[in-house]
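The values are calculated or read from the model by the stated rules, or taken from the named source; none is laboratory data. Owing to the predicted nature of the structure, the values given are computational and were not obtained by experimental measurement. Reconstructed Cβ throughout: ideal geometry from the backbone, glycine too, with neighbour counts over all protein chains shown.
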Amino acid sequence: MYYIKKLGFQELGSPKADGSVSRGRYFLISKKSEDFFPPLSQTELNDTILLPVIPPNSTQKIYCSYVFHNDKYHRSLAKSPRNEYRLYLNSKIDPKRAYFMPNDIVVFNKIETEQNIAFYQILLFRKGENNYETLDGLVADSKLVGGHALIKDELSFIKSFTLDIDSLETIVPDEVKKDVKKMQDEISKGSAEDIEETKGANLFNSVSFRDFVLLGYQNKCAITNEAIFYDKLINLEAAHIKPKSHSGSFLPCNGIAMSRDIHWAFDKGMFTINDDYTISVHEDVKNTLLSKFDKQKINVPTEDFFKPEKNFLQYHKERVFGLFKHSGVLRAPQ
């Protein structure tokens, strides 16, 4: 299935003759494309999710904010309450706010992994290029108004665009970090105990959580400062500080990059991490290889955005540290 969009003047910021734009740029997404893009909530004000988008002719996976502006369904002082879906173009996917132009046609090729996680490859067609007229005709004949079309049949010329998902470089633009930071800042005002299970789940999934965390730690274990690479394989994982089984969030500030064996020991509570980012190894396992990390400081991300949230660190210290002594299995709080 493909989603086809003929780009309009207003959604691209009403570009002027000199190339400047008067406002932000986005792709307006049809309300009847729910089966193609992830569902967003009507009850959650301006519900948002981060979509991994692969730009035209790119080997990068760039995260973009996909937002349901749903003021219409909420008490709002807005003069013109909105009811529309937007995929916002950031500085990495739309350099100089001039890459995409009115009347360009973009085709979204949805690629789903075995984990049912979707990636969205964008193919760009400009007027006068091969296949433009074919796509323009599909849009004109579509039941979706406003320059949109959903095509279930295979498009033969799309097959020539191959993509290796595993080899893509992950990019998190500053605009996206700013959106996520707002949510992470809310956490710092309360306690990790009070954060509900869905906090951050609408914004992230297991794949984007891992992408963000490993990016923040520059693809190195926070404890050993090492990693094993082979071709596309790497022995790193994104460890939840407040465990997922304890309703832990998928937000990046609840994650730390760790090698698999270190991650296992952290989940079992054999060591914990203090507010000053030093490691405390449990007394009962100081006769193991973990002992060499006791009192050492983890490799802290250089950007505050990726640093572990101290409420989550406190939760791990109080609820997870030492659990291996009881059953070896994490227990959810009563």
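Results, tabulated for the structure shown:
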{"quantity": "For residue 253: the one exception among (1) assigned to a helix (DSSP H, G or I); (2) over 23 Å from residue 172 (Cα atoms)", "calculated": "(2)"}
{"quantity": "Residues located in region 277-301, provided they are buried (at least 18 other Cβ atoms within 10 Å of the Cβ), touching a Lys or Arg at 6+ places or on another chain (Cβ under 7 Å) and either basic (Lys, Arg) or not in a loop (DSSP other than H, G, I, E, B) (or both)", "calculated": "279"}
{"quantity": "Candidate set: region 34-43, residues that are within 20 Å of the chain's Cα centre (by Cα) and not acidic (Asp, Glu); chosen: the one surrounded by the most Cβ atoms within 10 Å (Cβ to Cβ)", "calculated": "37"}
{"quantity": "Number of the condition not met by residue 31 [criteria: (1) within 16 Å of residue 121 (Cβ to Cβ); (2) in contact (Cβ under 8 Å) with a residue 40 or more places away in the chain]", "calculated": "(1)"}
{"quantity": "Qualifying positions in region 96-110 - crowded, with 17+ Cβ neighbours inside 10 Å and under 17 Å from residue 14 (Cα atoms)", "calculated": "97, 100, 104, 105"}
{"quantity": "Considering residues of region 272-306 that are within 26 Å of residue 211 (Cα to Cα) and touching a Gly at 6+ places or on another chain (Cβ under 8 Å) only, the residue modelled with the lowest pLDDT", "calculated": "305"}
{"quantity": "Close pairs (9 angstrom Cβ cut-off, 6 or more residues apart or separate chains): free of Cβ contacts under 8 Å to residues at least 12 places away in the same chain in region 223-242, surrounded by 15 or more Cβ atoms within 10 Å (Cβ to Cβ) and not in a strand (DSSP E or B) anywhere", "calculated": "229/235"}
{"quantity": "Restricting region 121-175 to residues that are outside any strand (DSSP E or B) and among the aromatic types (Phe, Trp, Tyr), the residue that is modelled with the lowest pLDDT", "calculated": "161"}
{"quantity": "Selected residue (criterion: farthest from residue 205 (Cα to Cα)) from residues of region 41-56 that are assigned to a loop (DSSP other than H, G, I, E, B) and modelled with pLDDT of 90 or more", "calculated": "56"}
{"quantity": "Pick from region 8-28, criterion surrounded by 20 or more Cβ atoms within 10 Å (Cβ to Cβ) and in contact with an Asp or Glu (Cβ under 8 Å, 6 or more places away or on another chain), ranking: nearest to residue 118 (Cα to Cα)", "calculated": "27"}
{"quantity": "Out of 16, 6, sole residue that is more than 21 Å from the chain's Cα centre (by Cα) and free of Cβ contacts under 8 Å to residues at least 12 places away in the same chain", "calculated": "16"}
{"quantity": "Residue in region 242-254 that is assigned by TED's automatic domain parsing to the domain that holds residue 215, modelled with pLDDT of 95 or more, among the hydrophobic types (A, V, I, L, M, F, W, C) and closer than 22 Å to residue 208 by Cα present", "calculated": "no"}
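Per-residue answers, yes or no, for (1) in contact (Cβ under 8 Å) with a residue 60 or more places away in the chain; (2) surrounded by fewer than 19 Cβ atoms within 10 Å (Cβ to Cβ):
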{"residue": "45", "(1), (2)": "no, yes"}
{"residue": "54", "(1), (2)": "yes, no"}
{"residue": "63", "(1), (2)": "yes, no"}
{"residue": "72", "(1), (2)": "no, yes"}
{"residue": "83", "(1), (2)": "no, yes"}
{"residue": "94", "(1), (2)": "yes, no"}
{"residue": "113", "(1), (2)": "yes, yes"}
